[in-house]
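Written below as structure tokens is the structure these notes are about.
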């Protein structure tokens with residue numbers, strides 16, 4: 001029974017981490033342009049904000 | 001098409017904070033375009049960041065309003081060949097925000113459903129056996145802890161919609177959904193407190209999760225269609241080149257033009273506002289406004305309309321009416337008014353809910369009262385009533401229509417038809433009459449060379465070499481015909497173009513001319529082809545040889561007659577409505593086998609005709625492309641447009657089809673009808689499921705485990721049935 005004491009919180013924390021990661025990704029615009037992102041990965045040049 | 005209070009060119013407000021601008025950039029199709037567009041925008045001084053979205057075909061830019069303006073970015077994109085138009089912030093937010101709102105709730109409900117199910121399965125399998133009752137109680141409390149905030153948060157879309165419906169004295173699908181979820185959660189909490197076994201948190205939250213997924217998919221389809229329509233609408237005005245009093249040219253968004261501005265319209269550009277020609281003469285393609293394929297000649301003093309295409313030579317135009325005062329805007333107002341009439345259409349799912357919701361509530365109440373009457377304690381009676389609500393909970397019913405619509409839309413998409421209005425599929429299934437427009441719908445909307453066999457290869461090659469230098473539609477048609485017969489056309493240099501007359505090339509003493517009869521010194525044509533081509537002709541003279549005659553006509557789509565015949569066989573009435581002259585309309589009607597035709601109709605006449613049919617009880621599918629058809633498209637019961645149609649017509653239509661063939665019209669009707677019968681099958685599945693399970697639930701035989709299994713089985717059945725429609729490859 002003592003194993004439940006840490007198994008349940010562990011399950012909740014891990015799943016919660018997944019949920020928070022998803023909500024963060026949604027908020028930070030990771031799902032804005034699913035088509036364009038595929039092409040951006042193939043871009044040789046660094047992104048513009050890294051050139052300056 | 002809304003009026004903009006400030007002129008964009010002078011939008012230099014002294015705000016310190018950077019401003020954000022969203023532009024529709026429609027020609028962006030690949031990763032390379034994406035980078036080009038972003039780079040070009042970033043190179044504009046004052047622009048701080050630029051991020052393009054390929055899925056939405058939009059670019060969002062933040063800039064310092066002191067250094068840069070909207071116009072600079074648009075002009076920069078114009079220089080690299082992309083047309084961009086601003087989208088108003090109010091328009092672009094709504095759909096995206098709603099989509100994210102739902103997706104966040106899907107995520108939360110999914111997280112909760114997984115964890116509660118984990119706890120519930122342990123309780124179900126261990127209870128009464130090896131499981132310590134204290135642990136079971138702990139698991140139920142943990143479930144409650146996860147379920148309560150989830151239901152409050154993720155249930156909002158259903159509660160809000162159900163409450164709004166009740167306040168308006170109506171019932172919709174969300175009322176029984178909300179009631180079942182709230183009652184199940186409340187009752188489970190009560191049972192948990194009393195340490196009883198009948199706890200339904202898993203059922204409530206899983207149900208919420210599945211329903212939210214369905215809602216989200218439905219919204220995605222709708223947002224996508226709406227976003228594309230907004231892009232089209234913003235782009236149709238585009239940008240205009242204004243000539244300042246100092247002679248300096250600057251680019252201005254079309255909706256910021258004022259009467260009195262002088263515009264420079266280059267060859268191949270669309271006129272951005274209604275106006276009067278001040279300098280230059282040439283030919284204008286007015287097909288967008290009148291539906292006529294043949295270009296119209298204009299000279300100083302002539303009126304030109306917004307949306308028409310300048311074909312031959314750059315013109316200087318003085319604006320007489322801009323933005324919301326143009327003929328274009330007038331037509332779009334007519335269209336919106338017609339659309340309002342269609343808003344009364346009640347969707348299949350809502351009609352089902354009107355019958356379903358009272359039945360469910362009645363059964364729930366009957367269960368509660370019945371068990372009380374037989375002397376059961378009120379807790380038991382309420383538990384059984386809730387299980388009736390859960391088991392009947394319209395999971396399958398709520399999925400029945402959206403699942404079919406998504407499957408049907410993907411089937412049509414593979415076959416080159418885009419579904420723009422989600423309920424268009426329901427409406428197209430009900431039609432009993434098909435009305436075609438002529439130009440651009442039954443025909444391809446482009447002139448094509450006729451009597452080609454009378455022309456020798458040498459004449460063809462010489463004429464095409466001259467024609468290659470011109471943007472005129474006849475010249476283009478000539479080049480296309482020559483390429484089809486002779487392969488590549490070799491362009492020649494030293495060609496002079498006289499707008500409205502023709503092309504000429506001198507070589508030593510001999511000269512080659514291509515153009516009007518007068519230009520080539522030929523007699524006016526009186527032969528038998530003249531009626532058919534309606535004076536759409538070009539002559540070619542080489543040196544002193546006899547001039548050669550090329551005649552053009554708007555070609556009928558290759559399978560138009562076949563499609564009309566197939567529709568007739570299926571029992572649809574067919575009619576042809578056109579703004580064109582009677583002779584040409586009659587000929588097209590005969591060629592395609594249409595018996596009922598009307599010529600010379602204005603947009604308002606077409607609406608009147610459609611309304612007369614609607615009063616006879618007919619449900620009409622309107623197929624049209626021109627701007628003059630847009631109001632009729634909006635007024636008809638269902639509508640379809642070719643992809644070559646005017647932007648505003650595509651916006652008005654429920655469906656847009658691609659390619660030179662007319663057969664997608666049949667495909668759209670067929671798929672609509674299949675989708676409807678599929679939706680009814682799904683209602684049938686849901687009804688059978690309810691007929692079996694509701695009596696069991698009312699008698700109190702259904703445990704949470706059975707409810708969960710049976711409920712998801714019915715949902716899966718409905719989804720699988722719908723996916724049969726999406727099958728079949730690309731055609």
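The values are calculated or read from the model by the stated rules, or taken from the named source; none is laboratory data. These numbers come from a predicted model, not from an experiment. Please note: Cβ atoms are built from the backbone with ideal geometry, for glycine as well, and neighbour counts cover all protein chains shown.
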Check: With segment B:557-656 as the region, which strands (runs of 3 or more DSSP E) entirely inside it contain at least 2 residues that are crowded, with 19+ Cβ neighbours inside 10 Å?
Finding: B:573-577, B:620-623, B:638-642
Next item on the list: Among what's in segment B:41-71 and is farther than 19 Å from residue A:37 by Cβ and surrounded by fewer than 18 Cβ atoms within 10 Å (Cβ to Cβ), pick the residue that is farthest from the other protein chains (Cβ to nearest Cβ).
Entry: B:66
Margin query: Restricting to segment A:6-35, name every residue that is closer than 18 Å to residue B:146 by Cβ and in contact with a helix residue (DSSP H, G or I) (Cβ under 9 Å, 6 or more places away or on another chain).
Written below: A:8, A:11, A:12, A:15, A:16, A:18, A:19, A:22, A:23
Checklist line | Breaking point among (1) outside the structural domain of residue B:430 (by TED's automatic domain parsing); (2) loosely packed, with under 15 Cβ neighbours inside 10 Å, for residue B:551 | finding: (2)
Note to self: I need the full set of residues from segment B:365-383 which are surrounded by 15 or more Cβ atoms within 10 Å (Cβ to Cβ), within 20 Å of residue B:181 (Cβ to Cβ) and modelled with pLDDT of 80 or more, in order please.
What the structure shows: B:367, B:368, B:381
Next item on the list: Please specify each residue of segment A:9-39 satisfying the condition of being at pLDDT below 85 and more than 7 Å from chain B (Cβ to nearest Cβ).
Entry: A:29, A:30, A:31, A:37, A:38
Item checked: Filter result for the condition that a residue is modelled with pLDDT of 90 or more and more than 14 Å from residue B:202 (Cα to Cα), over B:98, B:104 -> B:104
Note to self: I need the full set of residues from segment B:478-496 which are buried (at least 21 other Cβ atoms within 10 Å of the Cβ) and either touching a residue at least 24 places away in the same chain (Cβ under 8 Å) or over 40 Å from the mean Cα position of the chain (by Cα) (or both), in order please.
What the structure shows: B:478, B:481
Checklist line | Every pair of residues 6+ apart whose Cβ atoms lie under 7 Å, when the first sits in segment B:96-113 and is without any contact (Cβ under 8 Å) to a residue 60 or more places away in the chain while the second is assigned to a helix (DSSP H, G or I) and buried (at least 21 other Cβ atoms within 10 Å of the Cβ) | finding: B:108/B:150; B:108/B:154
Checklist line | segment B:457-466, residues that are free of Cβ contacts under 8 Å to residues at least 60 places away in the same chain and either under 20 Å from residue B:309 (Cα atoms) or out of contact with any helix residue (DSSP H, G or I) (no Cβ under 8 Å at 6 or more places or on another chain) (or both) | finding: B:458, B:465
Notebook entry, point to check: If you take the residues of segment B:245-269 that are more than 20 Å from residue B:73 (Cβ to Cβ) and surrounded by fewer than 16 Cβ atoms within 10 Å (Cβ to Cβ), which of them is farthest from the chain's Cα centre (by Cα)?
Noted result: B:246
Notebook entry, point to check: Does residue B:686 satisfy the condition of being touching a helix residue (DSSP H, G or I) at 6+ places or on another chain (Cβ under 9 Å) and closer than 19 Å to residue B:420 by Cα?
Noted result: no
Next item on the list: Of the conditions (1) surrounded by fewer than 20 Cβ atoms within 10 Å (Cβ to Cβ); (2) at pLDDT below 75, residue B:87 clears all except one; give me its number.
Entry: (1)
Item checked: Whichever residue in segment B:2-18 is more than 20 Å from residue B:242 (Cβ to Cβ) and either surrounded by 18 or more Cβ atoms within 10 Å (Cβ to Cβ) or out of contact with any helix residue (DSSP H, G or I) (no Cβ under 9 Å at 6 or more places or on another chain) (or both) and, among such residues, is modelled with the lowest pLDDT -> B:13
Checklist line | The lone exception for residue B:136 - which of (1) farther than 21 Å from residue B:385 by Cβ; (2) away from chain A (no Cβ under 14 Å); (3) assigned to a helix (DSSP H, G or I); (4) in contact with a helix residue (DSSP H, G or I) (Cβ under 7 Å, 6 or more places away or on another chain) it fails | finding: (2)
